[in-house]
Every structure is written in structure tokens, then in C-alpha cells.
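What follows is one structure encoded as C-alpha cells, with my remarks underneath.
Values in this text are rule-based calculations from the coordinates and carry no lab data. Please read these numbers as outputs of a predicted model, since none were measured by experiment. Cβ: placed from backbone, ideal geometry, glycine included. Neighbour counts: every protein chain shown.
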Amino acid sequence: MGRAIQYVPITTILLVFTGVIAARAQELQVDCGKPIGRIRPLHGVNNGPLQSGEMIDNSRYFKEIAVPYARLHDCNWPNPDVVDIHAIFRDPRADPADPASYDFRRTDDFLKALVATGSKVVYRLGESIEHTKRKYHVNPPADPERWAAACVGIIRHYNQGWANGFKYDIRNWEIWNEPENRPQMWTGSDDDFLRLYEAAARAIKAKFPDLKVGGPGFGYSGKFVNGRFEPSELLLKLLAHCRQKSLALDFLSWHLYTNDPAECVARARALRTLLNEQGFSSTELHFNEWNYLPDNDWGPLGKPGQARQTEEYFAKVSGAAGAAFSACVLMNLQDSAVDVANFYSADIQGFGMFSTYGVPQKTFYAFKAFRMLLDTPLRIETRGSQPGRIVVCAGTNTEKSEVRILVSNYSSADPGVKLTVQGLPWKGPTVCRSWIVDAVRELVAEKDIELSGESPIITHELKAPAVWLLSLTPREH
């Protein structure tokens with residue numbers, strides 16, 4: 001707070017940004033006098049802080065963004081040695097009731113570091129994705145009941161202290177991941193998966209009726225045809241199977257990689273409607289894998305001879321475009337039916353928010369900006385957002401001594417933003433502090449400026465893609 005303040009009257013601030021920017025500025029409004037609930041901490045992630053054989057420990061960054069939920073999937077990928085069933089219950093023919101049948105050591109260390117950051121856990125019971133020609137672990141278990149019993153053993157270890165375990169009180173247990181993604185995630189049939197889900201859901205609920213069981217992390221949940229959502233065949237089969245067999249589906253989890261931030265909310269709305277119509281009105285929605293997909297195209301990935309294209313592709317994912325996309329999604333989700341969301345991923349692989357060496361990338365700073373917004377959690381009304389292009393969200397603290405505003409310009413052609421702030425909850429001059437994430441800056445603070453009046457107007461250059469965070473406080477006399 002010791003940075004010098006540049007005291008400039010509001011009329012001068014407007015003159016600084018006249019000309020092209022002032023003529024082509026996206027107009028946004030914030031009304032401090034209209035509370036509309038709370039800003040929801042939907043900035044969960046996938047995976048934990050330990051990476052690269054524990055040579056990288058990003059615990060400090062997990063704490064910086066206060067991860068609310070970390071979903072455990074593809075941990076230590078592409079050579080997963082934690083969390084996955086095969087990494088713990090190594091012999092599928094072993095006795096699930098015998099502690100000697102399990103090797104919890106590596107997963108214990110992985111989870112201990114994660115839980116120490118304050119994050120809650122969504123534990124995916126299953127296997128990580130396999131892009132190898134030979135599939136090792138994504139095959140249907142020969143004995144679904146024994147596999148389910150092993151899941152129960154894992155839950156006992158991490159929630160009840162069984163087998164020298166812990167009492168982490170992990171509430172959300174997800175059965176498998178993307179069973180429709182074949183053969184990378186599942187080599188069996190739809191019926192094979194439904195049998196596995198039934199066995200696991202029954203076994204877990206019989207032992208732990210208060211825990212939440214769900215899944216299965218649909219990578220493909222359906223499509224929109226002429227604006228109408230058509231659910232996938234396996235999704236409809238799962239709902240019918242759960243209804244007919246009286247199986248628990250406490251949460252439905254699903255994924256989306258796209259270049260349209262607005263699609264996340266549209267799909268959530270469609271899935272919420274479907275669940276309600278199918279008799280699952282109490283089932284939560286977990287949007288537990290999402291990220292920016294440049295040009296909506298998977299093509300540059302995983303093909304021989306395309307190393308340069310792949311590198312450029314992931315530079316977009318983790319760069320300013322990915323950061324602006326992520327900030328848009330986090331704000332869009334505030335008005336969605338999503339209960340839990342998890343960005344993919346807080347690790348060091350291509351879609352990760354850290355580099356190969358554990359250095360935070362621009363997507364991390366978008367999450368940090370959103371975390372800073374949560375310091376003023378009482379949400380106030382904003383206007384002017386266009387969910388697929390530019391989004392604004394704002395809040396105050398309980399003392400009404402600070403207003404924070406987050407703006408993400410993902411794709412608006414306007415090179416500037418004209419932000420009108422109405423009804424500030426204090427009298428006298430206002431100090432405006434702001435931070436920018438763009439192609440050259442990573443949540444870099446700008447010079448403080450002073451605003452006058454209860455409804456100041458701030459016009460600022462913000463060429464897409466970019467993220468802008470503002471803090472407004474009364475000037476100390």
C-alpha cells in the first residue's frame with residue numbers, strides 16, 4: 001500500500017484517453033447500490049501442487065489463489081503413479097479388505113501437500129487418460145464388485161484413518177472419467193460402464209451414505225442443433241439406469257474445451273434442464289474440466305511432425321487469450337447452474353497454468369485476479385457484459401470500504417473500455433488502483449489515480465485479449 005498516488009482530477013483522466021479509444025470504447029456499468037448476492041468461488045482446478053517427482057512444489061501458488069476444490073485426474077500425467085486405482089490397488093485379484101493389498105504411499109504424499117494448501121478434494125475413482133497404442137488400465141475391470149470394494153478401501157483410508165490413513169472428510173467421489181472417450185479412456189461398451197457405475201455407487205453408498213457419489217466426467221455430453229440441446233446417448237442411458245436401479249447420482253460431472261466462453265453457461269443451462277426433466281432435480285452440476293481451445297480445433301495436438309504447431313497452440317492456451325478466456329468463464333459461471341467447477345489444469349503439462357519448470361503462466365494470473373475479486377465478495381450489479389466477448393463482475397466488502405471490479409476483454413474489437421461506477425458507498429475522493437494481464441503484463445499494477453465524485457467514469461485502453469482488475473477505496477484524509 002506504500003505506492004505513491006498520482007492525484008489527477010477525473011476530467012484529466014478522460015482527456016488522456018480521447019481520440020480513437022474514447023470513440024471506440026466498450027461501455028460497462030457498475031452500480032454499487034444494487035447488491036445481487038455473493039460472488040461464488042468457482043475457480044477450482046484439476047490436480048495438486050506436487051509435480052515432476054516432487055521436484056516442483058507449487059503449494060504457495062495454490063494458496064495464493066485459494067483453490068476451493070481440486071479434482072484429482074491425470075495426476076502426474078503422462079506417467080500417473082498416484083490416485084489412479086491401479087497405482088494404489090495394484091493387483092486386481094487381491095483382497096480389498098486387506099490393508100496389505102494397497103500401496104497408499106505416493107498418493108498419501110500427493111494428497112497431504114494438496115490438503116495443506118486449504119483446498120477441498122474431488123477424488124476421481126478410476127484411471128488417467130491413455131493416448132498410448134496399447135491400453136494398460138482403461139479397460140473394464142474383470143470383477144466390478146471387487147473394483148468397487150477397492151474404492152471403498154480408498155475412501156476408508158482417506159476419510160476414516162483405515163490402514164494408517166487420514167481423516168480428510170473428502171465429500172465428492174467421482175466414478176470414472178469420460179467413458180465415452182474411446183479407447184483413450186474406456187475400451188468397453190456402454191453396458192460395461194453402467195455395470196461398473198452401479199457396482200461402485202452401491203458399494204460406496206452402502207458404507208458411506210452421507211458422501212456424494214457421481215460422475216462420470218462426460219467429455220461429450222451432447223450437442224446443440226439449431227439452438228436445441230440433444231443429450232448424448234450414454235448420458236441418457238446413465239440417467240435411465242440410475243432411475244431404474246435407484247442408484248445415487250449426487251452430481252453429474254462434465255467437460256468442455258471451447259473458444260466460446262458463453263458456451264459453458266449455455267451447456268450448463270441445458271444440462272440443468274435435462275436433469276430436472278429426468279427427475280434429478282437434486283443432482284449437482286460439476287463442470288470439472290474446462291479450458292480454452294484455440295480455434296475450437298484439436299488438430300494441432302498429437303500428430304507427428306507438428307511440434308512447432310503444438311508449441312504455438314499451447315502458447316495460446318497459456319497466454320493472454322487463455323487468460324482472458326478463463327476470466328470470462330469464471331465470471332460467466334456466476335449466473336450459471338454450476339455448483340462446482342475445475343479448470344484443467346493446475347499442473348505443468350500443455351493445458352497447465354504452470355510452465356514445465358513450475359513458473360506461473362498468464363492463466364494463473366487470471367485466476368489470481370479472480371481470487372482478488374473475491375476479497376470483496378458481496379456482488380453488485382453490472383451491465384454491459386457480452387458473455388462471449390467482454391465480461392465485468394464487481395463486489396464490495398462487508399465494511400463497504402472497498403469496491404473491486406474485474407473486466408475481461410476476450411474478443412471485443414473496441415480498443416478501450418468506458419467504465420461508469422455509480423453510487424460509491426463513501427463520500428469524497430476515491431483512490432483507484434488497477435492491475436493488467438495481457439500479452440506483455442502479468443497482473444502488473446499501474447499507478448494509482450484519484451477519482452472525484454460518487455459516480456466516476458474511467459476510460460482505459462484494453463485491447464483484446466486482456467484482463468483488468470480495479471480496486472476503489474476512499475482516500476485517507
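Tabulated values for the structure
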| item | result |
| --- | --- |
| For the chain, calculated [θ]222 nm from helices alone, where every DSSP H run of n ≥ 4 adds -39500 (n - 2.57) | -8500 deg cm²/dmol |
| Alpha carbon convex hull of segment 44-373, volume per residue in cubic angstrom | 131 Å³ |
| Sites Arg24 and Glu311, calculated FRET efficiency, Cβ-Cβ separation with R0 45 Å, nearest 0.05 | 0.85 |
| Calculated log₁₀ intensity ratio I(q)/I(0) where the Debye formula runs over C-alpha points of segment 298-378, q = 0.18, 0.19, 0.27 Å⁻¹ | -0.80, -0.87, -1.32 |
| Charge context of Cys242, other residues only, Cβ under 12 angstrom, K/R +1, D/E -1 | +3 |
| Radius, Kirkwood style, for segment 380-442 when every pair of distinct Cα atoms is counted (Å) | 13.6 Å |
| Fewest-first ranking of Asp347, Asp190, using other Cβ atoms within 10 Å as the exposure measure | Asp190, Asp347 |
| Selection from Gly384, Ala466, Ala327 lying farthest towards where the dipole of the chain points positive, charges on Cβ | Gly384 |
| Peptide ranges 146-157, 122-133 listed from the most packed, as the mean C-beta count within 10 angstrom indicates | 146-157, 122-133 |
| In segment 366-457, GluC sites (Glu not before Pro) in a DSSP loop with at most 12 other beta-carbon atoms within 10 Å | Glu399 |
| Percent antiparallel among DSSP beta bridges (both partners in segment 44-373, rounded to 5) | 20 percent |
| FRET efficiency, Glu64 to Ser281 (Cβ-Cβ, R0 45 Å, nearest 0.05) | 0.75 |
| Extension gain, Gln160 back to Asp143 (0.36 nm per residue minus Cα-Cα distance, nm) | 3.6 nm |
| Low-density loop cleavage sites - chymotrypsin sites (Phe, Trp or Tyr not before Pro) in segment 341-443, where at most 10 other Cβ are within 10 Å (DSSP) | Tyr357 |
| Equivalent ellipsoid dimensions for segment 125-166 as semi-axes, Å, which come from the Cα gyration tensor, largest first | 26, 13, 6 |
| Cα point-scatterer Debye curve for segment 71-168, base-10 log of I(q)/I(0) at q = 0.23 Å⁻¹ | -1.32 |
| Formal net charge of residues neighbouring Pro465 (Cβ-Cβ distance under 15 Å; K, R +1; D, E -1) | -1 |
| Selection from Pro80, Val340, Leu275, by position along the positive dipole direction of segment 44-373 (Cβ) | Val340 |
| Extended-chain gain in nm, criterion 0.36 nm per residue less alpha-carbon gap, Arg228 and Thr398 | 57.0 nm |
| Net charge contributed by nearby residues that have their C-beta within less than 11 Å of Pro387 (K/R +1, D/E -1) | -2 |
| Size of charge dipole - the chain - debye, nearest 20, with Cβ of Lys, Arg +1 and Asp, Glu -1, no other charges | 540 debye |
